[in-house]
1. Could you please find all residues in region 321-335 being surrounded by 14 or more Cβ atoms within 10 Å (Cβ to Cβ) and either within 22 Å of Trp235 (Cα to Cα) or of a type in the set (Phe, Trp, Tyr) (or both)?
2. Of all residues in region 167-198 being charged (D, E, K, R) and surrounded by fewer than 24 Cβ atoms within 10 Å (Cβ to Cβ), which is nearest to Trp235 (Cα to Cα)?
3. Keeping to region 121-154, report how many residues are under 24 Å from Gly318 (Cα atoms) and assigned to a loop (DSSP other than H, G, I, E, B).
4. How many residues does region 199-239 contain that are among the β-branched types (Val, Ile, Thr) and surrounded by fewer than 21 Cβ atoms within 10 Å (Cβ to Cβ)?
5. So the check is Cβ under 6 Å with 6+ separation or different chains; which pairs have a first residue in region 261-287 that's under 29 Å from Cys301 (Cβ atoms) and at pLDDT below 95 and a second one that's within 12 Å of ligand 2 (Cβ to nearest atom) and part of a loop (DSSP other than H, G, I, E, B)?
6. Based on this model, can you work out whether Asp339 counts as part of a loop (DSSP other than H, G, I, E, B) and either in contact with a Cys (Cβ under 9 Å, 6 or more places away or on another chain) or away from ligand 1 (no atom under 16 Å from the Cβ) (or both)?
7. Out of region 260-275, which residues are within 16 Å of ligand 2 (Cβ to nearest atom) and touching a strand residue (DSSP E or B) at 6+ places or on another chain (Cβ under 6 Å)?
8. Is it fair to say Lys256 is charged (D, E, K, R), out of contact with any His (no Cβ under 9 Å at 6 or more places or on another chain) and buried (at least 21 other Cβ atoms within 10 Å of the Cβ)?
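The values are calculated or read from the model by the stated rules, or taken from the named source; none is laboratory data. Note that the structure is a prediction, hence the values are computed from the model and not measured. FYI the Cβ positions are ideal-geometry reconstructions off the backbone, even for glycines, and counts take in every protein chain you see.
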Amino acid sequence: MNKEAIIKRKTAEKYSGRKLRNIYRNAAVFCAALLAAVLAGTAALGAEIEPYTATDFAMDTVVSETLYTSGSDLTPEIGRLLRETEEKYLSWTDESSEVFQINQAERQTVQISEELAGYLEKALKLAEDSGGAFDPTMGKVIRLWDIGGENPHVPDEEELKRCLEETGYENLDLDGETAAIKSGADLDLGAVGKGIGCDLVMDYLKEQEQVFGMILNLGGSSVAVYGEKPDQSPWRVAVRDPEDGDSGYLAAVTLKGGEFLSTSGNYEKYFMEDGKRYHHIIDPKTGYPVWNGLTSVTVICDSGLLADGLSTACFVLGREDAVPLLEMYHAEAAFVDEDYNIYLTPGMKDRFELMKNTYTIKEAAG
Ligand code: ADP
Ligand code: MG
């Protein structure tokens with residue numbers, strides 16, 4: 001069986017119906033984007049460094065990669081790295097993962113790996129710095145909504161209230177390589193998982209001498225860029241148009257090697273009820289999806305985990321309150337709202353190439 005057939009089979013085992021269609025639609029869209037980015041650089045390439053583009057499936061999403069290398073295809077190794085990270089540390093459904101074990105332990109202290117301790121430390125700091133807009137202890141609240149799951153629905157108000165009372169990052173006790181949740185809350189690292197995956201692949205590539213450059217795209221929302229293209233032309237990443245989820249690109253953003261880009265949007269996972277869009281980014285203060293006029297937030301910074309966590313946090317905070325947080329992390333952002341306005345931080349302006357004339361770029365992000 002060829003690689004594509006194996007990926008299809010594995011995906012089909014795990015997914016069905018609408019979800020599967022969405023995954024393949026996203027795969028097609030992002031492969032096209034990657035291909036476009038690669039084609040732009042291929043003409044001037046030397047003969048010895050050939051790019052290859054591959055897709056895989058890991059971390060519940062489509063992994064697309066383009067590598068400029070004089071060596072072998074690294075797709076199997078990258079896929080293995082991502083799947084292993086999910087299974088060992090991050091998954092909330094896989095009994096073997098450390099997050100699962102912390103959630104199972106219900107208030108007891110659990111021994112964890114140095115790796116997970118490092119991720120949790122960064123996540124806790126981001127939770128504090130964002131005033132709890134990003135909160136890694138939202139597991140039970142997120143499960144109640146089941147957005148993107150089999151049975152998405154508006155939860156019972158009382159039940160939601162009870163869950164919310166137990167939730168809060170201050171209940172997560174981290175002490176070296178031990179962790180405990182002092183309340184009935186559950187960990188959920190869904191808002192930083194793909195970013196962590198991007199960090200790990202970036203570290204792995206640094207050890208691969210034959211690799212010149214790479215662009216890695218997890219599900220279209222988390223991107224890592226490594227090294228350079230042989231012709232030194234800039235890396236360009238497509239950002240999706242929130243109003244045109246199937247095929248539309250809002251913009252192309254220029255990235256340098258070592259940078260990460262993450263987008264959080266209200267179009268990613270949602271259901272509609274009574275004309276209202278219930279999407280997967282939840283305000284920890286209310287327990288409800290965030291309705292603040294934003295449709296997407298894209299963040300660039302020098303860490304995958306932080307780019308991912310910041311895009312979620314900034315979506316929750318809204319444009320004005322997000323700016324000090326972005327400054328604290330030396331990150332840049334683009335905010336898109338439902339009135340087709342785009343607000344860019346100063347460092348984003350030169351990198352952001354608008355591709356849709358239905359949108360207007362406004363002056364300041366603050
Ligand atoms: P995506 O997973 O589509 O890239 P995000 O990075 O924005 O999107 O993460 C959204 C996921 O994070 C949700 O599906 C949920 O699991 C979790 N989540 C939702 N709201 C919050 C929040 N306020 N803080 C932390 N995690 C959240
Ligand atoms: Mg995120």
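1. Once the filter is applied, which keeps residues that are surrounded by 14 or more Cβ atoms within 10 Å (Cβ to Cβ) and either within 22 Å of Trp235 (Cα to Cα) or of a type in the set (Phe, Trp, Tyr) (or both), region 321-335 yields Tyr329, Ala331, Glu332, Ala333, Ala334, Phe335.
2. The residue in question is Asp188.
3. 12
4. Residues meeting the conditions: 1.
5. If the second residue must be within 12 Å of ligand 2 (Cβ to nearest atom) and part of a loop (DSSP other than H, G, I, E, B), the pairs left are Lys269/His280.
6. Judged against the criteria, Asp339 is a match.
7. Phe260, Leu261, Ser262, Thr263, Ser264, Gly265, Asn266, Tyr270
8. Against the criterion (charged (D, E, K, R), out of contact with any His (no Cβ under 9 Å at 6 or more places or on another chain) and buried (at least 21 other Cβ atoms within 10 Å of the Cβ)), Lys256 does not qualify.
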